[in-house]
Amino acid sequence: MGKGAAGGEKKEHLYKILVIGELGTGKTSIIKRYVHQFFSQHYRATIGVDFALKVLNWDADTIVRLQLWDIAGQERFGNMTRVYYKEAVGAFIVFDLTRASTFDAVTKWKNDLDLKVQLPDGRPVPCVLLANKCDQPKEGLMNNTSQIDDFCKEKGFTGWFETSAKENINIDEASRFLVTQVLENDKAMKSDDAAKDKDVRTLDDSGAHERSEKKGCCS
Ligand code: GTP
Ligand code: MG
């Protein structure tokens, strides 16, 4: 462990983050851009799952390690997603804004995710929608952004971003947005655990942690 700005120990977090969505939407490209500052036009479909690690110096005394799980689009038709999703604390669902069919599949990915993984306290994992390839001409569906806002609220996305792996647009921003929620959830669950420990010791049955559980994560 390193030393923080004030000379104290740095806090380190390791978080498993999923990147899912239809074939060819740009999941691997987004991760390559984010982790290796690299982009290629060449398409090579991911088989099964790939991994990447991104280390963020979050603030003076916090290091965040993101273990990114790059899941092949074709896995939606397989039965491995339950295994891949295990213990994830956040997710991106990616669609290609030049192909409406990839947007139509977003709901299926979100349902699959919520069915197969939850946070330790039972809430859905925070999930951000990425409308990728925004460097390209859009296919109708992106002309009305308030419609996407409504869609996200209805489906339980915490937010959405137009991104481009090619031009490096909004990828850092989207990640920062998701990690903020992951850190908040982590903190809430830890303080919840501490409150429960205290309840056990004092036999306090005030229901304090039940109230904090109802706060929810979604905007
Ligand atoms: P699977 O592994 O099959 O699920 O696909 P994927 O989602 O990982 O897609 P991948 O990153 O391999 O990208 C598919 C194709 O889209 C590649 O040819 C990329 O070069 C291209 N692509 C990805 N992101 C962008 C982008 O932001 N803009 C443009 N113009 N092309 C992109
Ligand atoms: Mg891929």
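The values are calculated or read from the model by the stated rules, or taken from the named source; none is laboratory data. Nothing here was measured: the structure is a model prediction, and the numbers come from that model. All Cβ positions, glycine included, derive from the backbone under ideal geometry; neighbour counts span all protein chains shown. Please note that ligands, DNA and RNA were not included when accessible areas were found on the heavy atoms of the full protein model with its side chains. Shrake-Rupley method; radii C 1.70, N 1.55, O 1.52, S 1.80 Å.
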| In units of 2.2 N^0.38 Å, what is the alpha-carbon radius of gyration of the chain? | 1.09
| note | Dividing the mean separation of Cα pairs under 8 Å (6+ apart) by the residue count of the chain yields a relative contact order in percent of 19
| said: Over the chain, with the other protein chains present, what is the accessible area per residue in square angstrom, probe 1.4 angstrom? | reply: 54
| message | Restricting to bridges with both residues inside the chain, how much of the DSSP beta-bridge set is antiparallel, in percent to the nearest 5? | response | 30
| remark: Packing-ranked peptide list from 75-86, 153-164, 93-104, 20-31, highest mean Cβ count within 10 angstrom first, is 20-31, 93-104, 153-164, 75-86
| field | Contact order normalised by residue count of region 40-133, Cα under 8 Å, 6+ apart, percent | value | 25
| field | Portion, in percent, of the accessible area of the chain that falls on carbon or sulfur, probe 1.4 Å | value | 51
| field | Pairs of lysine residues in region 28-134 - Cα separation under 24 Å, sequence separation of 8 or more or cross-chain | value | 13
| What are the aspartates and glutamates whose alpha-carbon lies under 19 Å from the alpha-carbon of residue 198, with same-chain residues fewer than 8 places away excluded? | 121, 186, 210, 213
